[in-house]
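What follows is a set of notes on a single structure, which appears directly below.
Please treat every number below as a calculation from the coordinates, not as lab data. Just so it is clear, the structure is predicted and the values come from calculations on it, not from any experiment. Here the Cβ positions follow ideal geometry from the backbone for every residue, glycine too, while neighbour counts run over all protein chains shown.
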2 protein chains.
Amino acid sequence: MQPCGCLSYAPMDQDLVFKALADPTRRLMLDELSERNEQTLYELTARLIMRHEVAISRQALAKHIDLLERAGLVSSEKHGKYRMLVFNDEPLTDIMDRWLK
Amino acid sequence: MQPCGCLSYAPMDQDLVFKALADPTRRLMLDELSERNEQTLYELTARLIMRHEVAISRQALAKHIDLLERAGLVSSEKHGKYRMLVFNDEPLTDIMDRWLK
DNA sequence: TTGACATGCAACCCTGTGGTTGCTTATCGT
DNA sequence: ACGATAAGCAACCACAGGGTTGCATGTCAA
């Protein structure tokens, strides 16, 4: 059972997506990841601290990543000792036409 | 300084909008209001209980309405002893192109 | 093989907030 | 005027969740 990359995040939980978007730090992380894909947790942490002046620990960010991943907004692959993070906007498009006609 | 109705929710706080959307009950309220505008708090409460089987008190819903109003997603007018609620989708459109290109 | 580096995991703390109950205020119909 | 109805307000409770610290695991380079 290998991760095939084509499993399109199917049974997406809307609640998780909205929850994921509710936190400002996670939104910043999405900003960063959407503009520059393929980062490791360490790179992302560094960038958030440098560019956005976020004072936060790596562990806290790891938790945020877990939530974002469960929401389908980020996927990650382990490459050796690195964990590469990839942004995925599919859940966003699925959600937004709920109240807009 | 009268409420002129034309103040277009200008200095919209994105954080408030995302927070408002984070709660499933509030999302149900938006569903209900977006499909059937101009309801009183009481009507809305009744509908949520009847149609969506939401077990919740009027006071709790009032708090939700307050938050939705602060987020700009709902506006309300007092007509006599009634408070008419109106859905407003402007904050949603403002938010959604943040990560979608 | 060993040390440095990137990450994973678990327990703990504290604030935010969704929910409740109880009471007050205000408006309407009769 | 008076009771009924719609809403506002305040205090309280319980739990989720964002943050931390401390330590364990795993991988790479020399």
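Quick notes on this structure:
- Helical contribution to [θ] at 222 nm, DSSP H n ≥ 4, -39,500 (n - 2.57), averaged over chain A, rounded to 500: -15500 deg cm²/dmol
- Label spacing, shortest first and in nm, from B:Met96 to its equivalents in the remaining copies (7 angstrom along Cα→Cβ): 0.6
- Region B:63-101 and region A:48-101 have Cα centres lying 27 Å from one another.
- Residue among B:Ala71, B:Ala55, B:Ala46 with the largest mean-square fluctuation in a Gaussian network model of chain B, springs linking Cα atoms under 10 Å: B:Ala55
- Prolate/oblate/rounded label for chain A (Cα gyration tensor, a/c 1.5): oblate
- Extension reserve of the A:Tyr82-A:Gln14 stretch, reckoned as 0.36 nm per residue once the Cα distance is removed: 21.6 nm
- Chain B holds its axis-closest Cβ, relative to the rotation onto A, at the residue and whole-Å distance B:Ala22, 2.
- Each copy carries B:Lys63; placing its label point 7 Å along the C-beta direction from Cα gives inter-copy distances of 2.2 nm, listed from smallest up.
- Of B:Met84, B:Met29, B:Met50, the residue with the greatest mean-square motion in the GNM of chain B, using alpha carbon springs below 10 Å, is B:Met50.
- Shortest first, A:Ser75 label-point distances to identical copies amount to 4.3 nm, with the label point at 7 Å from Cα along Cα→Cβ.
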